[in-house]
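Below is one structure, written out as structure tokens; comments come after it.
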């Protein structure tokens, strides 16, 4: 299945000598950019061992991108599936893994639910400095959930003269958007503060409004040359009204989901000497989801006609580590982490049989120690080796490892290889549920083993960059639900399913034109179920020998961006999502279905107003789904058609 990669590697190796004299040999001043998420430390290396993508916040805002989901669609191997309108639940499938296999961080704060689930629909790009995406196992550094990768969002800390920036505009479906922010700082202190509001009436005929408010801030303080302190906070509130049932049927006039989230982080580093530094990180994520679905009218009293739910989920961590620099570009990291997860919830169901109330409360605690060795062995070799030991109050002791090497073949060619293991913890409900559904306190984490090999080639004086990565992944002990347990009162969840996900990621970028950048990526994912677990039917989520659902085998994206000396910019992005298997849950039992491929094209423009150039005033326009493609990312849930936005931006974003 790696024939695509083989062809690219062969062509790349042939091309490298021909261009060998056009690029100077690799030197320390041409080290690869530091991607902190991949290593936890800010140390440059001649050739990273991990597969990473960095998305600049400034570049995303210049493209008119406001949502993290649209930014992540630019990452090879990242597939985002939403259940229709803006604000609807959106899941990330990275490298063919399950949607709960990605650790999501904001300034080091994990914002996943216990068990890895995360809804990307409410995250916006406002006030972010960059997004770092690491593809591949990362449990050694981040513990649970980091099975197929990590997505980390960094808030702007502020540097340079104080600036004020604002944006106001509107567009299709009654969309309105406003932003106001400030930032600034010097070598000693930096700050940023940002607020935004956006709302849309949605694409459905009724009950489909979505509003999202965000307040974000960060403070950087350097009291002396050996000490750094970083504080950040992000508060968000989103309300999503949805008329759709779980099978896509549009029938509910008053269902809504309200989410409030507060994310706090404090990070301090003290350099004891030129070679030794200690770091302490304290984080908190508090998430308050609310579901409201009362009777549609006074006569709605038949069947199940009302549901209300409230929950509070908290995730708090304390991480302490020491970094020992043992060479110019070598670091030994030894750390320990303490984690506390807690969830409380209440629910009330209304039906013709009478009201039914429920309560749920559970906690888990985790302690871990980890070690990482990172550096350059020679002027050509680099390496990253690590291990982690977890002790969890629910599932006991668990170990993960990862190792990687990279080698500079020539001034135009780098290769790398890595292998590792990772795990995903059970959700609280899978562990502790009581009542009609019974959790299994004996569940073990879902596990993975993976390996990858990558090639990077820098041609035409560095203007042409080619990258190819092939990977192999095995997922086992996957947790599944059964509605027919072995005995009354027996658990409904067991570690029974398994699957493989192998693939290829190809990337190309050309910057040889004046102010124009062309880029392209292709991802092929070959998923296959190897153990079905309980449900053996053709409509089951796991069918032996079949693909994992909602994961397209082929995705392609092409982008062209041009900037003008006046500060203007144009960008065109086309993405094609191939056919993918899904299930039609409107019938029972669920029926297999294949969703057709589709192509979505987005266009954005920034036009400075020359008459107000000194004030940095510009028109910002964007058209999503330029050609109004009709498609579904999830069966029976239609996606938005063409959407336009036009706004006025004041100040530097």
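Since every read-out is calculated from the coordinates, none of them should be taken as a lab result. Just so we're clear, the structure is a prediction, and the values are computed from it rather than from any experiment. Here Cβ is always computed from backbone atoms with ideal geometry, including for glycine, and neighbour counts include all displayed protein chains.
Which order do peptides 96-109, 402-415, 292-305, 565-578 fall in by mean Cβ count within 10 Å, highest first? Mind showing how you got there, number by number?
Values: 96-109: 24.9, 402-415: 20.2, 292-305: 12.5, 565-578: 16.8.
Descending mean neighbour count gives 96-109, 402-415, 565-578, 292-305.
So for each of 151-162, 124-135, 310-321 I average, over its residues, the number of other beta carbons within 10 Å; can you give me the resulting order with the highest mean first? If you can, show how the numbers build up before the last one.
Working: 151-162: 19.5, 124-135: 23.3, 310-321: 17.4.
Put in order of decreasing packing, that is 124-135, 151-162, 310-321.
Under 1.5 on a/c is rounded, so check that first for segment 264-365, then, if it is not, pick prolate when a/b is larger than b/c and oblate when it is not; a ≥ b ≥ c are the square roots of the alpha carbon gyration tensor eigenvalues.
Details: a/c = 5.64, a/b = 4.37, b/c = 1.29.
Cα axes put segment 264-365 in the prolate bin.
Treat segment 3-650 as a sphere of radius equal to its Kirkwood radius over Cα pairs and apply Stokes-Einstein at 25 °C in a medium of 0.890 mPa s; give the translational diffusion coefficient in µm²/s, rounded to a whole number. Let's see the in-between values first.
Working: Rh = 26.1 Å.
In µm²/s, the coefficient rounds to 94.
Want the number for residue 328 to residue 460: 0.36 nm per residue separation, take away the alpha-carbon distance, what's left?
Working: separation 132, 0.36 × 132 = 47.52 nm, distance 3.04 nm.
In short, 44.5 nm is gained.
Between residue 205 and residue 531, what is the label-to-label distance in nm when each label sits 7 Å out along the Cα-to-Cβ direction?
The answer from the label model is 4.7 nm.
So how do 81, 322 line up by other beta-carbon neighbours within 10 Å, fewest first?
On the way: 81 24, 322 14.
So the ranking, lowest neighbour count to highest, is 322, 81.
Based only on Cα atoms, what mean projected area does the convex hull of segment 96-219 have, in nm²? Walk me through the numbers on the way to the answer.
On the way: hull surface 39.6 nm².
Dividing the Cα hull surface by four gives the mean projection, 9.9 nm².
Once you place label points 7 Å from the Cα toward the Cβ at residue 235 and residue 188, how far apart are they in nm?
3.0
Go ahead and run the numbers for FRET between residue 558 and residue 34, Cβ-Cβ distance against an R0 of 35 Å, rounding to 0.05.
Numbers: r = 29 Å, r/R0 = 0.81.
In this case the efficiency is close to 0.75.
Could I have the simple spin-label model distance between residue 346 and residue 474, label points 7 Å from Cα toward Cβ, reported in nm to one decimal?
With each label placed 7 Å out from Cα toward Cβ, I get 4.8 nm.
Test of understanding: what is the full-extension gain from residue 42 to residue 162, defined as 0.36 nm times their sequence separation minus their Cα-Cα distance? Let's see the in-between values first.
Values: separation 120, 0.36 × 120 = 43.20 nm, distance 2.63 nm.
Additional length available on full extension: 40.6 nm.
Please give the length that would be gained between residue 609 and residue 483 if that part of the chain were fully extended, namely 0.36 nm times their separation in residues minus their C-alpha to C-alpha distance (nm, one decimal).
Working: separation 126, 0.36 × 126 = 45.36 nm, distance 6.28 nm.
Extra length available between residue 609 and residue 483 comes to 39.1 nm.
For a protection proxy built on the mean count of beta-carbon atoms within 10 angstrom, sort 424-436, 387-399 highest first, please.
Details: 424-436: 19.8, 387-399: 16.7.
So the order, starting with the most tightly packed, is 424-436, 387-399.
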